Amino acid sequence: MADNKKTEIFNKVSEIVADHFDVDRAKITDDLNLKTNLDADSIDFVEFVLELEDTFGEEINDEDAEKLSTIGEVVDYIAEHTAN
């Protein structure tokens, strides 16, 4: 069950990344680094986190957000912090 949840979260996060950073969906993997691979500046990253919060209905505090660097870490964080 957890794998299905993470797959669902990964797919949603990937859609956000593809739209927000104009990246080919096929190139998005767990290892994709938001800051180095996507060349995201701090404003891009904040907007991305806000979009994650809206999508998943869960607040991500600034301290936690700073620790998130890969898609896999984002997926794990959301999986741990959402009830469904």
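We did not get these values from a lab; they are worked out from the coordinates using the rules stated. None of the values given here were measured: they were computed from a predicted structure. Here the Cβ positions follow ideal geometry from the backbone for every residue, glycine too, while neighbour counts run over all protein chains shown.
Summary of values
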quantity	calculated
Given (i) 18, 35, 21, 15, 10, 1; (ii) 17, 46, 31, 6, 0; (iii) 18, 59, 22, 1, the label whose value is P(r) over Cα pairs in 10 Å bins from 0, in percent derived from this model	(iii)
Pairwise label distance in nanometres, residue 18 with residue 82, each label 7 Å out on the Cα-Cβ vector	1.7 nm
Relative contact order (%) - the chain, alpha-carbon pairs under 8 angstrom, separation at least six	42 percent
Anchor residue 27: lysines whose Cα lies under 16 Å away (excluding residues fewer than 8 positions away in-chain)	12, 35
Separation in nanometres of the label points that stand 7 Å from Cα toward Cβ, at residue 73 and residue 26	2.8 nm
Full-extension gain in nm, residue 43 to residue 3, via 0.36 nm per residue minus C-alpha separation	11.3 nm
Assigned charges on the beta-carbon of Lys, Arg, Asp, Glu; the chain dipole about Cα centre (debye)	380 debye
